[in-house]
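This report concerns only the one structure given below.
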Amino acid sequence: MSVPATVRASAERLVVAATMGPTVHDVHAWRFKVVAGLIELHADPDRFRRLRDPAGRALHLASGAALVNLRLTAAQLGHEAVVRLLPDAGRPALLATVRLAGRHRVTREERLLCAATLRPLSATPSPSGARPSAHVLNELREAARLEGAALHPLPTAPDGVAQRAVLTTTGDGRTEWLRAGQALQRVLLSGTARSVSASFTFETGDVPAVREVATPGEFPQAVLELVQEAPARPRGRLFEPAVDRQHEGKRNWQRIR
């Protein structure tokens, strides 16, 4: 079955946009493929560094983030993106499929989030930064909830600037990792749209109080540090890279720019 030229052009544009999400271990260890009526998201075994991510958890988290960018661009083009996670048990490298179905009226929030992929914040927080307000934190928590995850603020020292938070999912399998990746990306973009600088790590085992704030059955997937930037701080250039990439395996934080 051949793909109409207009559909293929839209699909290819979506694929380009999706590559702007956070990467795993400095590389995109996944790839998109345009097939008849679908866009497929595959794990790329040639680029997947298994020694640093033996279970593939970070790979799935990063792949979920790419799906959000693809969905946002589809919305800008007036398409409803229907996503199926792990659609074929016989093809474990196939992480998701996306079908462009029907017409979609883009929302203001979708426009803001899509713009946030191109208008990143500085990698260095402002010296006058502060912890985000309760209102902003609630908006970020709602962003995570919309993707099937939860964002729990962590106790912060009274004199601390950054607000730490843990992203959790109910369950801890491949599907949940993909959902967590989508939630992480939506939280990061929502933060960028609200002048919140964010960094994150996928390693959660040694962060105090993570287990205390999560409810029974929830599993931590990422820990974030959030800083509200000063309103007058000038933004960076439009096309600066979105992530200052570092290795999660070395417990480094990835700074969202």
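Within the range 148-160, the only residue that satisfies the criterion of being under 14 Å from the mean Cα position of the chain (by Cα), surrounded by fewer than 24 Cβ atoms within 10 Å (Cβ to Cβ) and not in a strand (DSSP E or B) is Gly148. Checking each residue in the range 161-193 for being buried (at least 20 other Cβ atoms within 10 Å of the Cβ) and not in a helix (DSSP H, G or I) picks out Ala162, Gln163, Arg164, Ala165, Val166, Leu167, Thr168, Thr169. Annotation note: Cβ proximity below 9 Å between a residue of the range 56-84 that is at positive phi and a residue that is part of a helix (DSSP H, G or I) and of a type outside the set (D, E, K, R) (sequence gap 6+ or interchain) occurs for Gly56/Trp177. If you filter the range 73-97 down to residues that are open to solvent by less than 10 Å² (accessible area, probe 1.4 Å) and either part of a helix (DSSP H, G or I) or among the charged types (D, E, K, R) (or both), you find that the one that is farthest from Ser10 (Cα to Cα) is Ala75. Being at pLDDT below 85, assigned to a helix (DSSP H, G or I) and within 16 Å of the chain's Cα centre (by Cα) holds for only one residue in Val15, Val68, and it is Val15.
Among the conditions (1) in a loop (DSSP other than H, G, I, E, B); (2) open to solvent by less than 40 Å² (accessible area, probe 1.4 Å); (3) modelled with pLDDT under 90, Pro132 misses just one, which is (3). Would you pick out the residues in the range 174-202 that are touching a His at 6+ places or on another chain (Cβ under 7 Å) and of a type in the set (Gly, Ala, Ser)? Of everything in the range 174-202, just one residue is touching a His at 6+ places or on another chain (Cβ under 7 Å) and of a type in the set (Gly, Ala, Ser), namely Gly181.
The values are calculated or read from the model by the stated rules, or taken from the named source; none is laboratory data. Please read these numbers as outputs of a predicted model, since none were measured by experiment. Cβ coordinates were reconstructed from backbone atoms using ideal geometry, including for glycine residues, and neighbour counts include every protein chain displayed. Just the protein is used for accessible areas: all its heavy atoms, side chains included, with ligands, DNA and RNA removed. Shrake-Rupley method; radii C 1.70, N 1.55, O 1.52, S 1.80 Å.
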